[in-house]
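The values are calculated or read from the model by the stated rules, or taken from the named source; none is laboratory data. All of these numbers come straight from a predicted model, not from anything done at the bench. Cβ sites come from the backbone with ideal geometry, for glycine too, and all protein chains shown count toward neighbours. Only protein heavy atoms, including side chains, enter the accessible area calculation; ligands, DNA and RNA are left aside. Shrake-Rupley method; radii C 1.70, N 1.55, O 1.52, S 1.80 Å.
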Amino acid sequence: MENHSEGLFWAIIDLTENKHIGNVKLSLIDKKNSSIVLGIMIGDKNYWGRGIATEVIKIATDYCFSQLNIHKITAGAYGDNHASINAFIKNGFIIESETLGHFKTSTGWTSAVLLSKINNHIKE
């Protein structure tokens, strides 16, 4: 579609260890509707539970709103990934929907949770 651009893909680096620990992806940038999809993954389990995802979501959200002038950011999470859902909620995201039994994981079926945040300070 002509209103979408490719997006951005960033590494999350622990600068003290000079170690790649995860990624952030901004995709499906819809210029006409001023929306974007935010994805985050902390792949190194040694970094889980340290608030890194919450901090990265804040940085990415601030970038989308202030630099890209985005109106709405959406994100998804597995329903049983409470840490990820909470990291988004701490950054002002709300749960828009939950699709039950949507993903099959190694531990069984889990929901798909859709979260979003709207930029209330956007200038039209």
Starting from residues that are loosely packed, with under 15 Cβ neighbours inside 10 Å and among the hydrophobic types (A, V, I, L, M, F, W, C), keep the ones in segment 90-105 and report whichever is farthest from Met41 (Cα to Cα).
Leu100
Residue count for segment 106-119, restricted to those that are outside any loop (DSSP other than H, G, I, E, B), open to solvent by 40 Å² or more (accessible area, probe 1.4 Å) and either of a type outside the set (Phe, Trp, Tyr) or touching an Asp or Glu at 6+ places or on another chain (Cβ under 9 Å) (or both):
3
All-but-one check, Leu38 against (1) farther than 15 Å from Leu114 by Cα; (2) open to solvent by less than 30 Å² (accessible area, probe 1.4 Å); (3) of a type in the set (A, V, I, L, M), failing number (1)
Mind checking whether some residue in segment 43-60 is touching a residue at least 60 places away in the same chain (Cβ under 8 Å) and of a type outside the set (A, V, I, L, M)?
no
For Lys25, only one of the following conditions fails: (1) more than 12 Å from the chain's Cα centre (by Cα); (2) open to solvent by 90 Å² or more (accessible area, probe 1.4 Å). What is its number?
(1)
Residues of segment 56-79 satisfying the condition of being open to solvent by 80 Å² or more (accessible area, probe 1.4 Å) and more than 18 Å from Ile118 (Cα to Cα):
Tyr78
